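The values are calculated or read from the model by the stated rules, or taken from the named source; none is laboratory data. On a predicted model such as this, the values are computed, not experimentally measured, just so you know. In this analysis, Cβ positions are derived from the backbone assuming ideal geometry, glycine residues included, and neighbour counts consider all displayed protein chains. For the accessible areas, the whole protein counts, side chains as well, though only heavy atoms, and no ligand, DNA or RNA atoms are used. Shrake-Rupley method; radii C 1.70, N 1.55, O 1.52, S 1.80 Å.
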Amino acid sequence: MVVTIDNVLTPEELAAVCGQLRKASWSEGISAGPQARLAKRNQQLAEDSPLLPELRKIVLRALNRSSLLITAALPYKILPPNFNRYTQAKSHYGPHTDSSLRPLPDGSYLRTDVSATLFLSQPEAYDGGELSIEDTYGCHRIKLPAGSLVVYPSGSIHEVTPVIRGERLGCYMFMQSLVKDTEHRRHLYDMDMALIALREKYGDGDPHLIRLTGLYNNLVRRWSEC
Ligand code: NI
């Protein structure tokens, strides 16, 4: 399931993040596992970059505001986001799946269920650089306005196509979902989106909606682990 979420960052937040990234020094991509490392040709902010704490704070605050992100991903833990850059010289990230486990700062592990990319460059600032994601329903090629987010299953094969002009800045992150199974998450997402639309039409007090909302919550209870 691939879900895009518009305007996760406000224009002010986007300007603040991009202003910081213009001052950044970039290092070769290092976050990938063995399979992904072979495919990885981009640059990222080093883990010890002095810019990272403030940048992460802005992005995490924005993610916390997004009710659609909760509906789509049901996040339990989010690995601190990181930032990357693709230019013509360091231009793509070939087909891969994301490593299944990532170490957390406290020494425990996060199981990557959901991956997310926050686009930080406007689409007209670069050519190429699409995020291509294989899904049950075919291949999605994603290139979003700056400040918008896409979430997709970490186990899907995906790639960033070569950037042939300009610069593509992005922020990427991994989440452990309360609901491990991708199909279960898809059912809950479809149901929650329908419930949101029905509540707008009929109001919160409709007795059938109360029953369906209870069913949604009971499925979350059945399928979630935390
Ligand atoms: Ni990836």
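With 24 Å as the limit, write out which pairs from 40/143; 77/180; 77/143; 143/180 have Cα-Cα distances beyond it, or answer none.
77/143; 143/180
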Residue 180 label point, 7 Å along Cα→Cβ, cut-off 11 Å on backbone N: hits in the stretch 199-226?
-> 224-226
Among 48, 190, 127, whose mean-square fluctuation peaks in a Gaussian network model of the chain (Cα, cutoff 10 Å)?
-> 48
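Taking a probe of 1.4 Å, how large is the accessible area per residue of the chain, in Å²?
Details: 11360 Å² over 226 residues.
I get 50 Å² per residue for this part.
Pop out the carbon and sulfur fraction of the accessible area of the stretch 3-177 as a percent, whole number, probe 1.4 Å.
Values: 4300 of 7870 Å².
Roughly 55 percent of what the probe reaches on the stretch 3-177 is carbon or sulfur.
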For the chain, find the longest principal axis of its Cα atoms and tell me its angle to the long axis of helix 207-223, 0 to 90°, nearest 10.
-> 50
Taking the Cα atoms of the stretch 64-154, what is the range of coordinates along each of the three principal axes, in descending order and whole Å?
-> 38, 29, 28
For the chain, taking Cα atoms only, what is the radius of gyration to one decimal and the Dmax to the nearest whole Å?
-> 18.2, 59
For the pair residue 25 and residue 211, how long in nm is the line joining their label points, each one 7 Å along Cα→Cβ?
-> 6.6
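Per Stokes-Einstein, at 25 °C and 0.890 mPa s, what whole-number D in µm² s⁻¹ belongs to the stretch 146-211, with the Kirkwood radius over Cα pairs as the hydrodynamic radius? Could the numbers behind the result be given before it?
Numbers: Rh = 15.7 Å.
Roughly 156 µm²/s, to the nearest whole number.
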Please find, in a Gaussian network model of the chain (springs between Cα atoms separated by less than 10 Å), the residue of 41, 141, 211 whose mean-square fluctuation is greatest.
-> 211
Mind telling me which of 15, 194, 116 comes out most flexible in a GNM of the chain, alpha-carbon contacts under 10 Å?
-> 194
Across all Cα atoms of the stretch 182-223, Rg and the largest Cα-Cα distance (Dmax), in Å, are 10.5, 31
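Could you list the chymotrypsin sites (Phe, Trp or Tyr not before Pro) in the stretch 121-182 that lie in coil according to DSSP, counting only those with at most 16 other Cβ atoms within 10 Å of their Cβ? Walk me through the intermediate numbers first.
Details: sites: 126, 137, 172, 174; in loops: 137.
Those that pass, being in a loop and sparsely packed, are 137.
Does the stretch 98-150 come out rounded, prolate or oblate by the C-alpha gyration tensor, with a ≥ b ≥ c the root eigenvalues, rounded set by a/c under 1.5 and, if not, prolate when a/b is larger than b/c and oblate if not? Intermediate results must be reported in sequence, preceding the final value.
On the way: a/c = 3.25, a/b = 1.64, b/c = 1.98.
Oblate.
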Grab the Cα-Cα distance for residue 219 and residue 125, subtract it from 0.36 nm times how many residues apart they are, and report the gain in nm with one decimal.
-> 29.5 nm
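Nearest 0.05, what FRET efficiency do residue 51 and residue 100 give at R0 = 30 Å with Cβ-Cβ as r?
Working: r = 29 Å, r/R0 = 0.96.
Calculated value: 0.55.
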